[in-house]
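Just so it is clear, none of the values below were taken in a lab; they were calculated from the coordinates. In this text the structure is predicted, and so the values were computed from the model without any measurement. Positions of Cβ are generated from backbone atoms using ideal geometry, with glycine treated the same way; all protein chains shown enter the neighbour counts.
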């Protein structure tokens, strides 16, 4: 098995994270042209276009999104393993476990603010699968979505924001398969699932008087970020938390299945920050947790859907 060039992978990951080559170059302490060169090497090696140029920066292609999502867990595993080996630096690192969609759609775009305020703190992100109930022992803060009744023995938690969701699709999907005028029109759509959203689809069907057994059809993806990426690509309807697709809804990249009349689901589900009180002794971890809670609460105030 042959790996792609590792320098090119680092350049790709940084460019995908920052959305432009200038910030990626600063992050890796190289020149803009070096990043551009490495991206070209990777695209040539993969025989695939990973970015398209926009007025305000670069945007991942559908293949670029898929590739980024596939390699991020590997990067996170390398970072975490390195941190565990370098025991002397362990107190300076904040390890955060979260779901893919939360990471890509909400945390990544805002993490730069925290890094600017606290450049001395390294935040290592550990990927967790949808529906994951276990929390790795070496994690300082875990972000999970769960119901009001759920208890996490041994953990303290703080509310971040609501996790109520809404069926969404691309304008292209509406153009090709619509118009959609009634709730029953969902039965003719390609439903997009991940390990959590099959349950959420059943809740939405039940709350709207539809047979929840019919909610199980459609494509199933390994994580929630892939199902949203598939919806953006015009492949079907995803049932996604409003908070995590809010920017896509604001820009028109995604639209509610029935427009403004689309009912939401999951009023008893929330995003939570969890930690073991006896282990949260690091000043850096406490700073990150406080920032996470404050930032999420301020964000929730701006959401109008």
Revision key, fill the gap. Expected sort for 53-63, 238-248, 211-221, 182-192 on mean C-beta neighbours within 10 Å, highest first, is 238-248, 182-192, 211-221, 53-63
**Study point:** Sites residue 40 and residue 70 - FRET efficiency at Förster radius 22 Å, r taken between beta-carbons, to 0.05
**Key:** 0.65
Exercise for review: Any chance you could run the full-extension gain for residue 268 through residue 283? It's 0.36 nm times the residue separation minus the Cα-Cα distance, nm to one decimal.
Suggested key: 2.2 nm
Practice item. Just need the relative contact order of the range 89-305 here, percent rounded to a whole number, with Cα pairs under 8 Å and 6+ apart. Key: 33
Point to revise | Dimensionless Rg over Rh [the chain; C-alpha; Kirkwood] | key: 0.97
Review point. So for the range 124-243, Kirkwood radius off the Cα pairs, Stokes-Einstein at 37 °C and 0.692 mPa s: how many µm² s⁻¹?
Key: 208
Exercise for review: With a point put 7 Å past each Cα toward its Cβ, work out how far residue 185 is from residue 290 in nm, to one decimal.
Suggested key: 4.9
Practice item. Could you check the simple spin-label distance between residue 219 and residue 56, using points 7 Å along Cα→Cβ, in nm with one decimal? Key: 2.7
Exercise for review: Could you check what % of the DSSP bridge pairs in the chain are antiparallel, to the nearest 5?
Suggested key: 65
Revision key, fill the gap. Percent relative contact order for the range 190-305, counting Cα pairs under 8 Å at least six residues apart, stands at 25
Review point. Rounded if a/c is under 1.5, else prolate if a/b beats b/c, else oblate: with a ≥ b ≥ c from the C-alpha gyration tensor eigenvalues square-rooted, which is the range 145-213?
Key: prolate
